[in-house]
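What follows is a set of notes on a single structure, which appears directly below.
The values are calculated or read from the model by the stated rules, or taken from the named source; none is laboratory data. Quick caveat, the model's predicted, so the values are computed rather than measured. Neighbour counts run over all protein chains shown; Cβ positions are idealised from the backbone, glycine included.
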Amino acid sequence: MTNLDPSTLFPHDFVWGTATSSYQIEGAAFVDKRSASIWDTFAHTPGKVANGDHGDIACDHYHLYEQDIKLMSEMGIDAYRFSISWSRLLPDGTPDSLNQSAVRFYQGIIDTCLEHGITPWVTLYHWDLPQCLHDQEQGWLDRRIIARFSDYAEVCFELFGTKVKHWITINEPWVIALLGYGQGMFAPGHESDSEPYIVGHNLLLAHAKAVKVYRHKFQKYQGGTIGITLNSDWREPKTQSSEDVTAAQRAMEFFLGWFADPLYFGDYPQTMRDALGDRLPRFSESEQKDLIHSSEFFGLNHYSTMYASEPSEDDVHEEVKGNGGVDKDQRVTLSVDPNWAITDMGWAVVPWGVRKLLHWIRDRYENPNIVITENGCAYDDAPNEQGIVNDQRRIEYYQSYLEECALAIQDGVVLSGYFAWSFMDNFEWACGYEKRFGLHYVDFKTQKRTAKQSAHWYREFIHKSK
Ligand code: GAL
C-alpha cells in the first residue's frame, strides 16, 4: 500500500454498497409457502457442505431484515444489493404460484431500504433455482428454462419495478456452469465435461430474454437499468515469454470472455471455438442481436489473481482429471506466488490484479461502465473480550483493493460503483458457516450482529469520499 488516501480519489457520485444473496442469509427455508431450491437439496445431501451446514435458518434475515438494513444505514452506504429467492416468490417456478408472503417480504426490504435512503439493487438469480424446475424440466440444461426465467423476471419487474431501478439478471454464470455442472462442488452437483457449456449458453440466453422483456414492457415507464454480473479473477502471465502471455490471455478468454464476449460481440471467443469445436453451442442471428449490449453496465465480481503459464507435457496430463472440462480445454497451468498473503478461502490477496483486470475489460469491451458488484475476503476474526472484532486483515484487503480501483479510474476506466461482499457473515456455499466474509460478525446461535472494525472503517471511507 502507498500513502495515498484512496477515499478522496473517487468521484462524489460513486455508488458505495454492500451485497448479500437470498439463500445465504434469509433462512425461513420452509416458511410461508417457500418451496425448495436446488441449494436446499444440495445442502441437505450428506457430504456436500462443510459440517453438514445448510441455509434453513442462515442469518434469519427473513425475520430480521429491518434491523439489518438499519445497520447498513449506520455504515452510510448508498446501495444494497440483494437477491430474490425464485422458489419463495413462485413456489412452483411459474407465475401461477405467486406467493403473497414473499411479495410482502421483498416489498418490506425495498421500502425499508428507501426509508433509509438506500437504493436497492436487485439480483434475480443468485443460484437458487426452484428444485421443481430442475426435476421436471432439467433446469439450466434445457432451453425451456429461458422462458421460465424471463416469466419469473417479468413478475419481479411488474411487482417491484416502480421502486427498483437497478436490476441484475444473473449472478456469476461461470460459477453456476462450472462449479454446479462441471466440478459438482455446487448445486446441483453435476460432474461433466460438456454440461457447463450448455448451461452457460442457456444462462446467457435467459439473461438476454429477460432484458428484452424489461426493455419492451417496463423500462420506458419505469426508467431503470439492467445488467448481468460476471465473475473473474485476474490471470497474470508467469513470465513474459510469448507462450505464457498467450496462455494468460487464453485463460482470461475462457474465464471472463466466455460470458462477456457474447454480450459485446455476439459470440464466444475464437480461442474457445478453436478448442471446443462442436461442443460449444452456437447462437442464431437473432439471439446474437438480443445479446449484444444487453448488459447496460458491466457487473463484476472479483476476489483474486493467479499466474498463468503454458502447460508442460506433464501438466497437460495432470489437468485432465475431473475439472469440469474447462481446465483441460483451456490448457493453462495456474500457480500462485508463495509470498502472496492468502485469505481463509485460500485465495491470494493481490490488489494490483484488480487494476489489470479493469484495464483488460476497458480495452476489450468498449470501455464499459463497470460496477464492482462483489469484492471482499474471508477471515475468521471473532469478538474479543470487549466484544470488538478487530479484523485488520479485512481492512487492509479493502483499502489496498480500493486503492487500485482508484488508480484504475485515473487510468480512464469507467468504474461507477463498488459493493463489499458481504454485509454480514453468512452461509458460504460449500464451506458452510466456517468462512466469514462479513463486515458484520454473526453469532449464528443467537443471531446477534456485531459491526466489525472493517464496518467502521468502511463507514469512514464512504464518508470521506463524499
Ligand atoms: C461469489 C458469490 C457470493 C459469495 C462470494 C464469496 O462467487 O457470488 O455468493 O459467496 O463469492 O465466495
Sole exception among (1) within 16 Å of the ligand (Cβ to nearest atom); (2) under 27 Å from Glu26 (Cα atoms) for Leu357, by number: (2)
Candidates Val371, Val414, filtered to the one that is surrounded by 22 or more Cβ atoms within 10 Å (Cβ to Cβ) and at negative phi: Val371
Some residue of segment 228-243 being at pLDDT 95 or above, within 16 Å of the ligand (Cβ to nearest atom) and within 19 Å of Gly266 (Cβ to Cβ): yes
Single residue of segment 1-40 satisfying the filter (surrounded by 23 or more Cβ atoms within 10 Å (Cβ to Cβ) and among the aliphatic types (A, V, I, L, M)) that is nearest to the ligand (Cβ to nearest atom): Ala19
Of the criteria (1) surrounded by 15 or more Cβ atoms within 10 Å (Cβ to Cβ); (2) within 30 Å of Leu179 (Cβ to Cβ), which one His116 fails: (2)
Members of segment 297-312 found to be touching a Phe, Trp or Tyr at 6+ places or on another chain (Cβ under 8 Å) and within 11 Å of the ligand (Cβ to nearest atom), listed by number: Asn301, His302, Tyr303, Ser304
Yes/no for Ile69 being in contact with a helix residue (DSSP H, G or I) (Cβ under 7 Å, 6 or more places away or on another chain) and more than 16 Å from the ligand (Cβ to nearest atom): yes
Residue match in segment 344-351 (condition: small (Gly, Ala, Ser), crowded, with 19+ Cβ neighbours inside 10 Å, within 16 Å of the ligand (Cβ to nearest atom) and modelled with pLDDT of 95 or more): yes
Filtered residues of segment 200-237 (kept if under 20 Å from the mean Cα position of the chain (by Cα), surrounded by fewer than 24 Cβ atoms within 10 Å (Cβ to Cβ) and β-branched (Val, Ile, Thr)): Thr225
Every residue from segment 41-56 that is more than 16 Å from the ligand (Cβ to nearest atom) and either at positive phi or touching a residue at least 60 places away in the same chain (Cβ under 8 Å) (or both): Thr41, Thr45, Gly47, Asn51, Gly52
Helices (runs of 4 or more DSSP H) completely within segment 264-374 that count 1 or more residues being touching a residue at least 40 places away in the same chain (Cβ under 8 Å): 270-276, 285-291, 326-330, 351-364
Identity of the residue in segment 180-192, within 14 Å of the ligand (Cβ to nearest atom) and within 14 Å of Leu129 (Cβ to Cβ), that ends up surrounded by the most Cβ atoms within 10 Å (Cβ to Cβ): Ala187
Candidates Glu460, Glu428 - the one that is at pLDDT 95 or above, of a type in the set (Asp, Glu) and within 30 Å of Asn51 (Cβ to Cβ): Glu428
Unique residue being within 16 Å of the ligand (Cβ to nearest atom), modelled with pLDDT of 95 or more and touching a Lys or Arg at 6+ places or on another chain (Cβ under 9 Å) when the list is Gly376, Gly412: Gly376
Residue in segment 151-172 that is surrounded by the fewest Cβ atoms within 10 Å (Cβ to Cβ), counting only those that are assigned to a strand (DSSP E or B) and more than 16 Å from the ligand (Cβ to nearest atom): His166
Output for segment 428-464, where each listed residue is within 16 Å of the ligand (Cβ to nearest atom) and not in a loop (DSSP other than H, G, I, E, B): Trp429, Ala430, Cys431, His440, Val442, Ser454
